[in-house]
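This report concerns only the one structure given below.
The values are calculated or read from the model by the stated rules, or taken from the named source; none is laboratory data. Remember, it's a predicted structure, so these values are computed and weren't measured experimentally. Cβ atoms come from the backbone with ideal geometry, glycine included; neighbour counts cover every protein chain shown. When the accessible area is computed, the model is the full protein with side chains, heavy atoms only, and any ligands, DNA or RNA have been set aside. Shrake-Rupley method; radii C 1.70, N 1.55, O 1.52, S 1.80 Å.
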Amino acid sequence: MERVIFGDNQFFAVNHISDEKSRAQSIKFKEDSAIIKTLDEARAVGINTFMCTTHDRIVNICNIIRSQPEKYKDFTIYPCMPYAHKYANAVTELGITGTIKQYVPGNFFGSMFKGGVAFLSKDYLSIMELLVDAEMKMFKNINTPVIFLQNVITDLLLGLRADEVLIAFYHYVKKKYNAEAGFITMNMPKLLDVLEKGGIENPIICASINKAGFRMSGGNDVYEDVLKTRKLRAIAMQVLGGGAIHPKEAMEYVCGLPNIESILFGASSKANIESTYNYVHAFDQQKINA
Amino acid sequence: MIKVALIGAGKMGISHLSILGANPNVEVVGVCDTSKMVNDFLNRYGKFSCFTDYQKMLDETKPDAVFVAVPTKFHYAIIKELLNRKLHVFAEKPFCLTSAQGKELIDLALHQGVVNQVGYHNKFIGTFKEVKRIVDSGALGKIHHFVGESYGPVVTKPQQSTWRSDPTEGGGCLLDYAAHVIDLLIGTLAPVSVVKGSVLDSIYSTSVEDAVYSLLELSNKVKGVLSVNWSDETYRKMSTTITILGTKGKIISDASELKVFLKDSNALPGYDKGWNVKNITELTEPVNFNLRGEEYTSQVDYFINAVAGKVPNTINTFQSAWYTDWAIELIRNNAK
């Protein structure tokens, strides 16, 4: 994985500290061309990996990328699925069964919902596989070496102790897409225990890691201890604590931690992309020199 | 170890179950739902004991406390049964469909001496907690106006019908959506005593309202405006904002950002004269397990701690949720 990965929150009006900023971003990135322009600015700085949720608008972005194979030959996307709000709004409207019926393609459920037949493990895993396939459609012919499960689903399954489903996701994306599975979580230490127990060595885990301890369940000390003593490929996200930490201070903290393979961040302006990227390299360089 | 059971494993029930499953002080002894698919999943993977009959579950599993996350129309009967069995109860919002039912349950809970809480999670969000603290400190001077707003994209096209589209089952924007911001206003300021005017507007739905606009007077005579619309697709998810205006200052807060204007310096420690902006990052207390936001864990932890006798049972009690039911009833009657 690249040292710096570009995120997509700014494109889809996700701002953790201000609803007003969300609206401003939503206006700025109304056109797909504005998203592409920002991705190109990130590429110009040297960031060739884009981690994005399976939002409807990514379909268009993928079309543009596919249409210019030469320009984007080194470009890599890490899909994160599912786009949680799509399903959350559907569950509010249709309930859990109704949502699965709506989103699982084909007539898979035709017979299952009628009878009193017990649901088998393979049924649930088939549902998971069909949902993954549906979400992956938009990335056809695009390089997707790592495929992520979104934190709401990862953490929900974690709390429900449905560890087997997490492990099955890992094996399925490896088999079907020849990709490594990644897991986004707000509960890194607990998740690592579960993945290791399931036989996944050195898993890719993307978690909030920031100086402020924001969205780090258990706190900074617990996370730092896991990074120091355990085996994982960590991606630090929310490094700016939603914008509450100055980029320089934020990057100094994460660059100083062991075992963080990549740093994920998003920004709307070329200047912010450049300065954040440069901070990472400056602090990495300092570490090497020391 | 607190023994907990869950009735209703839908959207909120599953979320509570996951949080309970990750709590080291909780043993989930049973889950009751009508969906075979959900029950089989929870049993197969989480090793939860699943039931389709909640009375059977209560008899067999003997929980200390029960989470109730079924459609609102079933709340009254189920909660009454739980209280009669002297069990601590966490119920999803809204509390009951009528104020009379709610009143009966409040009295019963009091009589039985059990912990009671309703799932108005906004009160566990850092920014809104700080709003309450500032209001209570008196730093805003005499409060004379408020605006409570909530917008989101739940119903953005003509719907197929579900229990949420049936007002007798607890559906509609007023009960399902506006309840949150009404409860937040009441908890922050005071109960609603008079509804001066109300509009319940249908945009896409045929049997329920998609928007609620209302002019409210609180028991402390403060008047303000409620504006709620769940058919606004310019919002990615539910977005709630409260504005409170006093003679010495003003607050505008949503779940992410708190803006406070103070006329005087030294009105409140940590705040300057003029505008102050704080965000959720600095106002959030860490939790041990986080599923889509700290507030969901915080409210469950608070309930479990109240059952264990570690904290008082004072936030989101049946009584406090009843004030919200009562306000909803006043708004609905006024709009007729």
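A few comments on the model shown:
- Inter-site label distance for B:Ser137 and B:Thr52 at 7 Å from Cα along Cβ, in nm: 5.6 nm
- Accessible solvent surface per residue of the stretch B:77-161, calculated while the other protein chains remain in place, 1.4 angstrom probe, Å²: 39 Å²
- Pairs of Cα atoms nearer than 8 Å and 6+ residues apart set the relative contact order; for chain B it is 20 percent.
- Under 16 Å from the B:Lys196 label point (7 Å along Cα→beta-carbon), backbone N, the stretch B:213-246: B:213-227, B:244-246
- With the convex hull constructed from alpha-carbon coordinates only, the stretch A:182-244 shows a mean projected area of 3.7 nm² over all directions.
- Global geometry of the stretch B:51-146, whether rounded, prolate or oblate, following the gyration tensor of its Cα atoms and the 1.5 cut on a/c: prolate
- When you count the other C-beta atoms within 10 angstrom of each residue and take the mean per peptide, B:206-217, B:172-183, A:62-73, A:247-258 line up highest first as B:172-183, B:206-217, A:247-258, A:62-73.
- Taking A:Lys86, A:Lys270 and ordering them by how much accessible surface each has at a 1.4 Å probe, largest first, produces A:Lys270, A:Lys86.
- Nearest-10 value in Å² for the accessible area of A:Lys287, using the 1.4 Å probe: 100 Å²
- Cα-based Rg of the stretch B:192-336 normalised by 2.2 N^0.38 Å, two decimals: 1.27
- Nearest 10 degrees, 0 to 90: helix B:126-137 Cα axis against chain B principal axis: 50 degrees
- Straight-line cross-link reach from B:Lys196 at under 12 Å between alpha-carbon atoms covers these aspartates and glutamates, not counting any fewer than eight positions away in the same chain: B:Glu217.
- Calculated [222 nm] ellipticity per residue, helices only, for the protein assembly as shown: -12500 deg cm²/dmol; basis is -39500 (n - 2.57) per DSSP H run with n ≥ 4, divided by all residues, nearest 500.
- Surface share of carbon and sulfur [accessible, 1.4 angstrom probe, percent] for the stretch B:89-158: 58 percent
- Span from the the stretch B:82-116 Cα centroid across to the the stretch B:167-226 one, whole angstrom: 22 Å
- A:Asn202/B:Lys221 FRET efficiency (R0 56 Å; Cβ-Cβ; nearest 0.05): 0.30
- Total buried accessible area between A and B, probe 1.4 Å, nearest 100: 4200 Å².
- Per-atom-type breakdown for chain A gives carbon and sulfur 52% of the accessible area (1.4 Å probe, protein chains only).
- Cα gyration tensor of the stretch A:4-289 - equivalent ellipsoid semi-axes, whole Å, descending: 31, 24, 18
- Computed FRET value (nearest 0.05) for B:Asp59 with A:Asp193, which takes r as the C-beta separation and R₀ as 35 Å: 0.50
- Protection proxy ranking, peptides B:297-307, B:262-272, average beta carbon neighbours within 10 Å, highest first: B:297-307, B:262-272
- Longest to shortest principal axis, alpha-carbon extents of the stretch B:2-121, angstrom: 41, 28, 24
- If you wrap chain B in the convex hull of its Cα atoms and look at it from every side, the mean projected area works out to 16.9 nm².
- The A:Arg3 and B:Asn25 beta-carbon pair, evaluated with R₀ = 41 Å, returns a calculated FRET efficiency of approximately 0.50.
- C-alpha long axis of helix B:179-188 to longest principal axis of chain B, angle in °: 60 degrees
- Degrees separating the helix B:294-307 axis from the principal Cα axis of chain B, which is the longest one: 60 degrees
- Mean Kyte hydropathy of 0.0 or more with a Cα span along the axis of at least 30 Å, helices from DSSP in chain A: none
- In the context of the full set of protein chains, residues of chain A present 42 Å² of accessible surface per residue (probe radius 1.4 Å, heavy atoms only).
- Taking all protein chains as shown and a probe of 1.4 angstrom, B:Arg85 keeps an accessible surface of around 80 Å².
- A:Ala271-A:His171 pseudo-label distance in nm [points 7 Å out on the Cα-to-Cβ vector]: 5.3 nm
- The charge dipole of chain A, taken about the Cα centre with unit charges on the Cβ atoms of Lys, Arg (+1) and Asp, Glu (-1), comes to about 420 debye, rounded to the nearest 20.
- Both numbers refer to the Cα atoms of the stretch B:106-265; Rg and Dmax are 17.0, 55 Å.
- Per-q log10 I(q)/I(0), the protein assembly as shown, q = 0.09, 0.11 Å⁻¹ (Debye; single scatterer per alpha-carbon; no solvent): -0.77, -1.18
- Principal axis analysis of the Cα atoms in the stretch A:173-290 yields extents of 41, 33, 30 Å, listed in decreasing size.
- Whether the stretch B:275-336 is rounded, prolate or oblate, judged on the alpha carbon gyration tensor where a/c under 1.5 counts as rounded: oblate
- Neighbourhood net charge (11 Å Cβ-Cβ; Lys/Arg +1, Asp/Glu -1) for A:Cys206: 0
- Put B:Trp322, B:Trp230, B:Trp275 in order of accessible area, highest first, and with a 1.4 Å probe you get B:Trp275, B:Trp322, B:Trp230.
- Cα gyration tensor, the stretch B:184-254 - rounded (a/c under 1.5), prolate or oblate: oblate
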